[in-house]
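Q: This is the structure, below, for whatever I ask next.
The values are calculated or read from the model by the stated rules, or taken from the named source; none is laboratory data. Remember, predicted model here, so these are calculated numbers, not experimental data. All Cβ positions, even for glycine, are placed from backbone atoms using ideal geometry, and neighbour counts span all protein chains on display. In case anyone asks, the SASA skips ligands and DNA or RNA and just uses the protein heavy atoms, side chains included. Shrake-Rupley method; radii C 1.70, N 1.55, O 1.52, S 1.80 Å.
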Amino acid sequence: MSDVDLKGLFLKHADTLRGYLARKVRDPQLAADLVQESFLRLAEKPAGERIDNSQGYLYRTASNLLIDHIRQEARRKTDAVPHEALAEIEDEVAGLEAQAMAQQQRQALKQALAELPERTQQIFRLNRIEGMTHAQVARHLDISDSSVQKHLAKALAYVMQRLQDGEVAPSDE
C-alpha cells in the first residue's frame with residue numbers, strides 16, 4: 001500500500017476508529033495506541049496481499065488488538081491494584097525501614113551510654129534526655145558547672161566515636 005493511500009485512510013478513519021475504541025476501553029491513550037498499531041499493521045502488509053475492505057480490516061485489527069490487550073492485562077492483573085496503592089505500600093516499607101534504623105540507633109546509643117561511668121551517664125541523662133541546663137544539673141548533683149561540662153563533653157565524644165566506628169554490638173535486650 002502506498003504512503004498516499006495509507007495517509008488518506010488514516011485521515012478518513014483514524015478519528016472514528018479512535019472514538020470506537022475509546023468507548024470500549026474508556027481510556028483515550030490506549031485507544032490512540034491501538035489505532036496507531038492497527039494502521040501500522042496495515043502498512044506492514046506485503047505489497048502482494050490485496051485488502052478489499054480497508055476500513056473493515058482496520059476495525060477487525062483494532063478489535064483483535066483490544067482483545068489481546070485485555071487478555072494480557074488479565075494475566076498481569078495490573079488493573080487489580082491501583083498505582084496509588086502501590087505507592088502507599090512503598091511508603092509503608094520506607095517507613096518501616098526508617099523505624100527499624102531508628103530503633104537500631106537508639107539501641108546503639110543506649111549501649112554506648114551504658115559503657116560510660118555512672119556519674120557521666122547520670123549527667124548525660126539529666127541534660128540531654130530530661131532537658132536540664134548545665135547549671136540545673138550542677139545544683140541537682142551538687143557539683144560544679146565546669147564538671148558538668150567536662151562529663152558531657154566526655155560522654156558526647158565517646159558516644160559519637162562509638163556510633164561512627166560502628167563498634168557498638170547489639171545487646172540482648
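Q: Among the residues of the stretch 1-54, which ones are outside any loop (DSSP other than H, G, I, E, B) and small (G, A, S)?
A: Hits for the stretch 1-54 are G8, A14, G19, A22, A31, A32, S38, A43, S54.
Q: Next up: Residues R119, R162, R128: which one is surrounded by 14 or more Cβ atoms within 10 Å (Cβ to Cβ) and modelled with pLDDT of 85 or more?
A: Answer to the selection: R128.
Q: Among all residue pairs at least 6 apart or on different chains, which show Cβ distances below 9 Å where the first residue, located in the stretch 97-112, is touching a residue at least 60 places away in the same chain (Cβ under 8 Å) and the second is open to solvent by 60 Å² or more (accessible area, probe 1.4 Å) and part of a helix (DSSP H, G or I)?
A: A108/L163
Q: Considering only residues that are over 13 Å from V35 (Cα atoms), open to solvent by 50 Å² or more (accessible area, probe 1.4 Å) and touching a residue at least 24 places away in the same chain (Cβ under 8 Å), which ones fall in the stretch 45-60?
A: The answer is K45, A47.
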